[in-house]
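Take a look at the structure below.
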């Protein structure tokens, strides 16, 4: 269906692709992986024709339609969420709104309107609209928006009132609604809660469209894709199977490359020793020169590049008392919408609670009240006297000074720490080499999140309150964070849509779904994995 052949592409002095080739077949689900800056977004733009290759061919059949979800959404406004979704879903969306305009002009023609011409155009548009399944369009749009977490009142409300994350969901809905032959999905799970992620998993598995996607959610990749393409130093290297299979195959491939590199280095070293020893020896000088020529002709292998997961070994946090946080009779409402009605909850030393709940249940609200960022309407939040709290949410990124470099921010926060300690900290959080000299204003969302987490864990608190800490983190950084926090001895309360994070860290589950109706929170005294086995679902109300 889509064929890229012998592609070359450079950005400035950086060669992104060198003689790279890729084929995507009809209905195939493919995951695209590679380090930041490897060229994943560039590959998407080459397929859409926005950024043609410097050399090579991109072949796409003429009638093939492509839907592209990208992270940079245009501003929405002036229409309902439903209308914005329909308007952006491709040809059928344009026909939908043209039909509405033609119907209006037929019922109330203006003085300059040619009614015969309007009727003729209406017939043509209506026929094409029907061929594309347009009369089911609104029902399908509502079904997709519901799957992505929108309530009916929001679906019919002004799209301009949405937050940035919800506008991104509209972007996803547009692409899914368009019934395209190919879907290009750039990090579709970034702004979704776990319920919406599970719904999207099922949709993409069942769609007739071919899918090429980047994603930092390991479970999502494992369940959706049947092939991985790795951007590896300019090549597009295919691996049959899901992400877990790719990891095992990549490790095997890297081990083989390392072995080949080491064998070559040993051979060259042996030949060089002979040259050094006998280069001036009369009887063996000719052999030495011959071996020197052989060394010059050898095509040198490069050592394989490894992105290693190195957990950060932080200082032991101060010991916390038995009672970390006690909530009594908590009430909280937003206007007429009640979130908590007399909720009680206690968090003790050594507990790691993940907070679960249906969309809009008040998970982030609970964390904000515990962290002192939000005052409850009623009730009491008591934090233990020996508690030193660290709170992470997306607003925590505002503590960074955009005018500083990464290293300057660390120097400012920890002026007495040694340079080696700071380097080790930044290296564990994937800042190495020239990365430490980047100005904070140019960092990506994932890089800023990593920096805030690094600053928090260098001098660790004994109580961590984390609201979606893995948002925008890549797979390697997520695994590093999980491995780091496994050794953390303090208490934790967190919200996450990442199941690797939930499985790796939660030893208790708090489901707040019933609290808005005045019910008690549901407490499960075991791990997230045990909770999934006990309930039959990975999120409240979503069953396998």
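Quick note: the coordinates plus some simple rules give every number you see, no bench work behind them. Just so we're clear, the structure is a prediction, and the values are computed from it rather than from any experiment. Glycine gets a Cβ as well: all are built from the backbone with ideal geometry, and neighbour counts include every protein chain shown.
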Mean Cβ-within-10 Å packing, highest first, puts peptides 318-331, 358-371 in the order 358-371, 318-331
How would you classify the range 206-289 from its alpha-carbon gyration tensor, with a ≥ b ≥ c the square roots of the eigenvalues: rounded for a/c under 1.5, else prolate if a/b is greater than b/c, otherwise oblate?
-> prolate
Please figure out what share of the DSSP beta bridges in the chain is antiparallel and state it in percent, rounded to the nearest 5.
-> 55 percent
Looks like the range 416-483, by Cα gyration tensor root eigenvalues a ≥ b ≥ c and the a/c under 1.5 rounded cutoff (else prolate when a/b is bigger than b/c, oblate otherwise), is oblate
Rg(Cα) of the range 245-297 divided by 2.2 N^0.38 Å?
-> 1.68
Residue separation between residue 284 and residue 411 times 0.36 nm, minus their alpha-carbon distance, gives in nm 39.8 nm
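Over the chain, calculate the relative contact order: mean separation of alpha carbon pairs under 8 Å at least 6 apart, over the residue count, as a percent.
Relative contact order here is 14 percent.
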Rounded if a/c is under 1.5, else prolate if a/b beats b/c, else oblate: with a ≥ b ≥ c from the C-alpha gyration tensor eigenvalues square-rooted, which is the range 50-100?
-> oblate
Compute the whole-percent fraction of alpha carbon pairs in the range 82-199 spaced more than 26 Å apart.
-> 30 percent
Please report, for the Cα atoms of the chain, the Rg to one decimal and the Dmax as a whole number; what are they, in angstrom?
-> 28.2, 107
Whole-Å distance linking the alpha carbon centroid of the range 104-136 with that of the range 38-85 is 29 Å
Hey, any idea what the orientation-averaged projected area of the convex hull of the range 239-329's Cα atoms comes to, in nm²?
-> 13.7 nm²
Of every Cα-Cα pair in the range 256-391, the percent that sits beyond 28 Å | 56 percent
How big is the gap, in Å, between the Cα center of the range 219-257 and the Cα center of the range 468-544?
-> 27 Å
Which value in Å is the Kirkwood Rh of the range 323-535 over different Cα pairs?
-> 18.2 Å
For the pair residue 101 and residue 476, what calculated FRET efficiency results from E = 1/(1 + (r/R0)^6), where r is the Cβ-Cβ distance and R0 = 56 Å, to the nearest 0.05?
-> 0.65
Using a basic spin-label model with each label point 7 Å from the Cα along Cα→Cβ, how many nm lie between residue 158 and residue 263?
-> 6.9 nm
Relative to the present Cα-Cα distance, how much length would full extension add between residue 252 and residue 302 at 0.36 nm per residue of separation?
-> 16.3 nm
Label model pair residue 315, residue 50: point-to-point distance (7 angstrom along the Cα→beta-carbon line) in nm is 4.6 nm
Where the centre of each part is set by its Cα atoms, how far does the range 308-367 sit from the range 144-211, in angstrom?
-> 28 Å
